[in-house]
Amino acid sequence: MQAPSLVILALVLAFPLIYSVVLSFQSYSPVDAEADGRFIGFDNYIRMLGDEQFGRAVLVTIAYVVLAVGIETLLGTIVGVALSRLIRSRRIVTSALLLPMIATPLVVGLMFSFGLNPQFGYMTDFLRALGLVGEAGVLDSAGGAFAALVVMDVWEWTPFIALMVLAGLSAAPQAQIQAAELDGCNTFELYWHVMLPMIRPVLIVAVLFRATEAIRQFDQVYILTGGGPGSATTVNDIFQYRISFAAFDMSYGAALGVATFAVVATLSAILFRFLNRKGADA
């Protein structure tokens, strides 16, 4: 009974991956007669190592992931701790926090794109009232466009970290917490020295999960900035898109995709290994 499902799964997942790996060792472009699909070995991967534009895209991606996930972790922890102290309104606030995560990346990207429009965007008007942006708006400058992407990701995914922290705090052993309270710990010492170390495994899982997602960011960047101005917000997936579907260098695009898959698969393996170890320890 499972055979048809496995065949469909293999066709959907395995075939594109195998095809991309094979294509990455070839020279193929539908708009270049000389790139006729001949085998070229590791040339695409060697080219990747010396490609300055790819290196810049990797740096932008690293900066984006570190800033966005770092801020989300800090704010999410603070919000999660604050939520744990709520009693009557916790359910309402928790339900409200789910709203940004329910929205699709397309909707979130369009919402920020309209909000930051230099002519009629309400976010732009607010920032102008504070004297933070000029007539050109936020997205016209490299720093402003990059900051907008980080803020958009933080707005959408900070609730995820907060809910993970709240779940960890709710499951923390109460005996140790009560013992710390009897020893005279104040609220800050209780959270900083007792409760946060207890939820460290939960935070690590949340950070790894968010990092693997942020590395593959495409939809919102494409909608909000398109990778510009210049290459200021050209993250790795936007660069791959340009190589594959604007320059039609399909083989080099496949090599870039395989390299990205290897990085994400490595992070996922670390995540699952960590989860399995915690399950064995439990």
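The values are calculated or read from the model by the stated rules, or taken from the named source; none is laboratory data. Note that the structure is predicted; figures quoted are calculated from it, not measured. Because the Cβ atoms are built from the backbone with ideal geometry, glycine has one as well, and the counts that use them run over all protein chains shown. Only protein heavy atoms, including side chains, enter the accessible area calculation; ligands, DNA and RNA are left aside. Shrake-Rupley method; radii C 1.70, N 1.55, O 1.52, S 1.80 Å.
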Within the range 17-30, the count of residues that are aliphatic (A, V, I, L, M) and either assigned to a strand (DSSP E or B) or modelled with pLDDT under 90 (or both) comes to 1
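Only one residue in Y252, Y191 is farther than 21 Å from S84 by Cβ, in contact (Cβ under 8 Å) with a residue 12 or more places away in the chain, assigned to a helix (DSSP H, G or I) and hydroxyl-bearing (S, T, Y), so which one is that?
Y252
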Using the structure shown, decide if F209 is modelled with pLDDT under 90, within 14 Å of the chain's Cα centre (by Cα) and of a type in the set (F, W, Y).
-> yes
Has the range 136-147 got any residue that is open to solvent by less than 30 Å² (accessible area, probe 1.4 Å), in a helix (DSSP H, G or I), touching a residue at least 24 places away in the same chain (Cβ under 8 Å) and within 23 Å of V235 (Cα to Cα)?
-> yes
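Test of understanding: among S27, S89, which residue is under 30 Å from L169 (Cβ atoms) and among the polar types (S, T, N, Q)? Spell out the reasoning first.
Details: S27 fails: under 30 Å from L169 (Cβ atoms).
Going through S27, S89 in turn, the sole match is S89.
Determine if the range 163-173 includes at least one residue that is open to solvent by 20 Å² or more (accessible area, probe 1.4 Å), modelled with pLDDT under 85 and either at negative phi or assigned to a helix (DSSP H, G or I) (or both).
If we filter the range 163-173 for residues that are open to solvent by 20 Å² or more (accessible area, probe 1.4 Å), which is where we start, we get 163-164, 167, 170-171, 173.
From what is left, the residues that are modelled with pLDDT under 85 are 171, 173.
Those still in the list that are either at negative phi or assigned to a helix (DSSP H, G or I) (or both) too: 171, 173.
Yes - at least one qualifying residue is present in the range 163-173.
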From (1) more than 25 Å from W157 (Cβ to Cβ); (2) at pLDDT below 90, pick out the condition that doesn't hold for V133.
-> (1)
Taking the range 142-194 and keeping residues more than 30 Å from the chain's Cα centre (by Cα) and among the β-branched types (V, I, T) leaves I177, T187
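For V258, are the conditions met, namely being closer than 30 Å to V21 by Cβ and assigned to a helix (DSSP H, G or I)?
On the way: closer than 30 Å to V21 by Cβ: yes; assigned to a helix (DSSP H, G or I): yes.
Considered against the rule, which asks whether it is closer than 30 Å to V21 by Cβ and assigned to a helix (DSSP H, G or I), V258 comes out as yes.
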For the range 194-215, the count of residues that are open to solvent by 30 Å² or more (accessible area, probe 1.4 Å) and under 9 Å from M164 (Cβ atoms) equals 3
Can you name the condition, by its number, that L98 falls short on among (1) farther than 30 Å from I177 by Cα; (2) within 18 Å of the chain's Cα centre (by Cα)?
-> (1)
When residues of the range 17-38 are limited to those that are open to solvent by 60 Å² or more (accessible area, probe 1.4 Å) and under 23 Å from A265 (Cα atoms), the one nearest to the chain's Cα centre (by Cα) | L17
Of the numbered conditions (1) surrounded by 15 or more Cβ atoms within 10 Å (Cβ to Cβ); (2) in a loop (DSSP other than H, G, I, E, B), G41 satisfies every one except a single condition; which is it?
-> (1)
